[in-house]
Amino acid sequence: MIIKNAEINGKIKDIFLDKGRIAKIDKNIFGDNYYDAKGNALIPGLHDHHIHLNSTAAAINSVICGPPDVSNENELIKRINQPGKGWIRGIGYHHSVAGEIDRRWLDKNGPRRPVRIQHRSGRLWILNSLALNIVGNNIDSNGRLFDDDNSIRFGSEFPNLKPLMKLLFSYGVTGVTEVTPSNGVEEYQNYIDKIKPLKIDIMGKSDLNSTKSQYLKIHYHEPDLPSLEIITNEIKLAHKNGRNIAAHCVTRSELMLILAALDEAGAVNGDRIEHAAITDSFLINWIKRLNLIVVTQPNFMAERVGSYIKDVEEFEQKNLWRLKSFINSGVRLAAGSDAPFGNSNPWFAMESAVNRPAGFEDESLSPEEALSLYLKPSYNAGGVAREVKEGEIADLCLLNMPWSDARLKLNDIRPRGTWIDGRLVFNRIN
């Protein structure tokens, strides 16, 4: 295929794609099979370095139960009382809506259908009595199941990934890193079988030591953190098995414990910190000394700033979801959506990184810096941002405007075309 009249680094060129790679970039390349880019910017395909695929696929058919769509109890009651039969699956709940709701609240205010609502943290499911009966967890339960996804996972079928893939292609996403900590061999094989042609790197449990999974996901939460010795040994064993670690770190305590364990075990190139939601200068310098990669979520500041101002101690607010400080300190930084717990649209996240909420502007990035967070290689979030150049794999995204316009309104970008290995997988008709 030939992509004609594409803007590459400010110049209009033609691109010849052959055998899955960019074979030639020049002016006036001719052929029968061509796509007219009409002067719009052509960039490498985007990579979401932190996403939960099965949960996001399921969320497409779920009911939004939290801010900004739902902000109070009456709105929540209206939202979940939908006509029909079968399950109501809610996502995104936050206690600011109706407090710490439980089984009794759902039985009183919800429909006569099995209901399960996920807290936006991803750690809590709230079920009504009908739902608890179905999953077999109905003995003296308040319906609030923490860190217990297995209790509500019934049946053997995984969600259909095709609608999600279509959505990601429409954003220009050509690769993802699946980060769910409970991923085992069964989940791994399902992704490998069902996600093609999307590029995918999969992290998960120690069960994946026998697969090509690069990362062991370490996923502990304050206040139930294990000892330093336990995490240190877990890291050492992962390294011994040839795997990096990717550690969930949202609070200061979680991050400090992981950094101490990496100091003790010995960090190796490729080890990652997921989120790094609260990082002061001391922690940033510690991350830099250990040569760790940070994978962050710029979208959360835009999506949750009201909750952060209310719930996070004032002295910590300046340390929330930092961006520029990481880059200025030389920390290798990449980004992912954390969908379904965050917006899956990378252009929304880039806009959020450039135009941060009032009071948090010091960590803002340039449009080019924000874009680069999604151009890191599929299997190396700490690598150099990819470019459109001869010899590279033809994973590409064609924007709907030149970059000079796009950089001023990132949230308005609606990619026209997406290619993976030189094959057009998405073509916007209008």
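Kirkwood analysis of the Cα pair distances in the chain returns a hydrodynamic radius of 22.8 Å. Rounded to the nearest 20 debye, the dipole magnitude of the range 214-385 is 580 debye, with +1 charges on Lys and Arg beta carbons, -1 on Asp and Glu beta carbons, and the Cα centre as origin. Comparing 270, 66, 391 in a Gaussian network model of the chain, where Cα atoms under 10 Å apart are tied by springs, the biggest mean-square fluctuation is seen for 391.
With neighbour counts taken as other beta-carbon atoms within 10 Å, the residues 79, 322 rank, fewest first, as 79, 322. Largest mean-square fluctuation among 169, 158, 282, in a Gaussian network model of the chain whose springs join Cα atoms under 10 Å apart, belongs to 282.
In the chain, with Lys and Arg counted as +1 and Asp and Glu as -1 at Cβ, which of these residues, 173, 370, 67, has the Cα nearest the positive end of the dipole, that is, farthest along it? The listed residue farthest towards the positive side: 173. Seen from residue 337, the other residues with C-beta closer than 14 Å to its C-beta sum to a net charge of -4, counting Lys and Arg as +1 and Asp and Glu as -1.
Largest GNM mean-square fluctuation among 130, 375, 323, using the chain with Cα springs under 10 Å: 130.
In terms of overall dimensions, the C-alpha atoms belonging to the range 57-152 reach 33, 27, 27 Å along their principal axes, ordered largest to smallest.
Residues whose amide H lies under 5 Å from that of residue 24, counting only those 5 or more places away or on a different chain, are 16; hydrogens are built 1.01 Å from N in the peptide plane.
None of the figures in this text is laboratory data; all of them are computed from the coordinates on show. Values in this document were obtained by computation on a predicted structure and should not be read as measured data. Reconstructed Cβ throughout: ideal geometry from the backbone, glycine too, with neighbour counts over all protein chains shown.
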